[in-house]
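Down below is the structure, laid out as structure tokens.
The values are calculated or read from the model by the stated rules, or taken from the named source; none is laboratory data. The structure presented is a predicted model; accordingly, all values stated were derived computationally and were not measured. When we count neighbours, we look across all protein chains shown, and the Cβ atoms used for this are built from the backbone with ideal geometry, even at glycine.
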Amino acid sequence: MNLVCPHEPSLLMRLDGRTILVRVDDPRDIVPAAGDTRSRNKLARVLARSEAPLAETAIAENWRGIAVDLAVPSCGPMLAVLKLAPLLRRLEVRVVLPAEPAEFAGAKVLASLGVPVAVALTGVRDW
Amino acid sequence: MRRLKPAMANILLTNRCVRSCPYCFAGRQMAEAEADTHLSWENAVYLADFLEKTGERRLSLLGGEPSLHPEFVAITAYFAARGFNVTVFTSGIMSSAKLGELAASVALLPRERVQFVCNINNPEQTPESAGETERLHAFLKAMGPWTQAGFNIYRTDYDIGFLFDLVERYWMRRRLRLGIAHPIPGAGNLSIAVDDIGKVIARLEVWRDRFESARLKPSFDCGFALCKIGDEQLGWLTRLAGRMEFKCSPAVDITPDMQVYCCFPLAGLARKSVFDFDSYRQLVNHYRDLQHRLRAEIPGIFPECGDCPHHAEGTCSAGGACQIAGRLVRENPGRLSDIERTFSEPRLPA
């Protein structure tokens, strides 16, 4: 069974040998979180949240080898997103967009360029 | 049976334009369309998938003036990122901010991935819009090496002498697209009568030395007729530019709201939606069928076209389908409506 937990080194130490999805609230923490998790556990993915639109999020080459779900509030300017697409394809990043009509076009554009995309149903009424 | 290659799709990004050329053959389509309609991102993705499915790797972006689309640069870059070779038909008239954004984006792409056809009017023969010349020169200064000139002929005393200077000065591509302005029934646009096509072609001789010294290779857009060019003139043109085309095939214009028609001059005829077709090949074949029906009524623009071996062998299309439609309207009013009606009726599958 996979566990989802925040990037908390003391907690990770107590989950020795488990498969972990580790959560971070700042994309700059992706690499340290992956390192801390892998030191004692098996890393499934890093679930990262960015406050900035995708176009303004600093996506780094050193994420290579780390499976990342990158949740962003929006795509931002499409021209900047298009420039990011080759890097996103090289990395193991899945872009997570909110399930809002304004973001559907960006989701389609990214998916059509071969970038993995998910739409998060956050804020949707839970029946 | 020979398999025909689908014609390049023309995608209209917007119906708005910055110029009002007296010969404009898109004017009627633009006047009847909603001015503020722009191609949406969803439809851009749909069209990329639609063309890709048929194996088509080329497309053209046009308008109106395509750079008036708020996301013109991003959409151009998107189609290029999808692997299409994109040709943008533009007047070159755009804001300096948009031009800077365009130049920065295109510079990152392989040279053949995006190119421009800049349709340029002779400023001494055609009224200009405010600031047109300055903006055109700014565009050519930035994008010249990616750009070939286009010139639309709508008067028999046309003058293309000024183009050679632009080509040299801005390191433009050594190709010149020459188009004949076609009459749109009821539109009142200035155009070249079919009887004047010979004069139009013969006039190219005026600039023969300049064509050759600049190594500028002319190419004919639709509507030119092989019989109206002498062997000697055809010889030097072919030696300079390679095989000259005298063809008319569906250009297939796709509007910002995803309507489709055979070409601008036939925009009022048998218009459909892209969503009516399963593939781009099916769409092109649909309009090829329309052209065949028109040509079954009148083989060509001249009475002798029906017996012409060049037409029979496919070397010459015997003029444009729009010119034939125009002749049909004049000679047999109502027949065009009959064709359109029967063309729209469902038929048994092949």
Task: Within region B:74-107, tally of residues that are without any contact (Cβ under 8 Å) to a residue 12 or more places away in the chain and within 16 Å of B:Cys118 (Cα to Cα) - done: 1
Open item on the list: Between B:Ser191, B:Ser129, which is surrounded by 21 or more Cβ atoms within 10 Å (Cβ to Cβ), of a type in the set (Ser, Thr, Tyr) and in contact (Cβ under 8 Å) with a residue 60 or more places away in the chain?
Closed with: B:Ser191
Open item on the list: I'd like to know if region B:199-213 contains one or more residues that are out of contact with any helix residue (DSSP H, G or I) (no Cβ under 9 Å at 6 or more places or on another chain) and assigned to a helix (DSSP H, G or I).
Closed with: yes
- [ ] Could you grab the pairs with beta carbons closer than 6 Å, sequence gap of 6+ or different chains, first residue in region A:86-115 and facing another protein chain (nearest Cβ under 10 Å), second one assigned to a loop (DSSP other than H, G, I, E, B)?
- [x] A:Gly106/A:Cys75
Open item on the list: For region B:105-120, give me each residue that is modelled with pLDDT of 95 or more and either surrounded by 21 or more Cβ atoms within 10 Å (Cβ to Cβ) or of a type in the set (A, V, I, L, M) (or both).
Closed with: B:Val114, B:Phe116, B:Val117, B:Cys118, B:Ile120
Open item on the list: For the structure I just gave you, tell me whether B:Leu269 is of a type in the set (A, V, I, L, M, F, W, C), at pLDDT 90 or above and buried (at least 20 other Cβ atoms within 10 Å of the Cβ).
Closed with: no
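Listed here are the residues, each with its yes/no results for (1) within 14 Å of chain A (Cβ to nearest Cβ); (2) closer than 20 Å to B:Ser249 by Cα.
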{"site": "B:Ala9", "(1), (2)": "no, yes"}
{"site": "B:Leu12", "(1), (2)": "no, yes"}
{"site": "B:Gly27", "(1), (2)": "no, no"}
{"site": "B:Asp36", "(1), (2)": "no, no"}
{"site": "B:Ala48", "(1), (2)": "yes, no"}
{"site": "B:Tyr78", "(1), (2)": "yes, no"}
{"site": "B:Pro110", "(1), (2)": "yes, no"}
{"site": "B:Gln115", "(1), (2)": "no, no"}
{"site": "B:Asn119", "(1), (2)": "no, no"}
Open item on the list: Looking only at region A:41-68, how many residues end up being over 18 Å from A:Val109 (Cα atoms) and in contact with a Lys or Arg (Cβ under 9 Å, 6 or more places away or on another chain)?
Closed with: 14
Open item on the list: Looking at region B:208-230, I want the residues that are on the phi > 0 side of the Ramachandran plot and have a partner that is surrounded by fewer than 18 Cβ atoms within 10 Å (Cβ to Cβ) and at pLDDT 95 or above with Cβ atoms under 6 Å, at least 6 apart or on another chain. Which pairs are those?
Closed with: B:Arg215/B:Arg174
- [ ] Could you tell me which of the residues A:Gly106, A:Gly76 is farther than 21 Å from A:Cys5 by Cα, in contact with a Leu (Cβ under 9 Å, 6 or more places away or on another chain) and surrounded by fewer than 20 Cβ atoms within 10 Å (Cβ to Cβ)?
- [x] A:Gly76
Open item on the list: Take A:Ser39 and tell me if it is within 14 Å of chain B (Cβ to nearest Cβ) and touching a helix residue (DSSP H, G or I) at 6+ places or on another chain (Cβ under 9 Å).
Closed with: no
Task: Test set (1) aliphatic (A, V, I, L, M); (2) crowded, with 20+ Cβ neighbours inside 10 Å; (3) away from every other protein chain (no Cβ under 14 Å); (4) under 30 Å from B:Val106 (Cα atoms) - A:Ala58 fails condition number - done: (2)
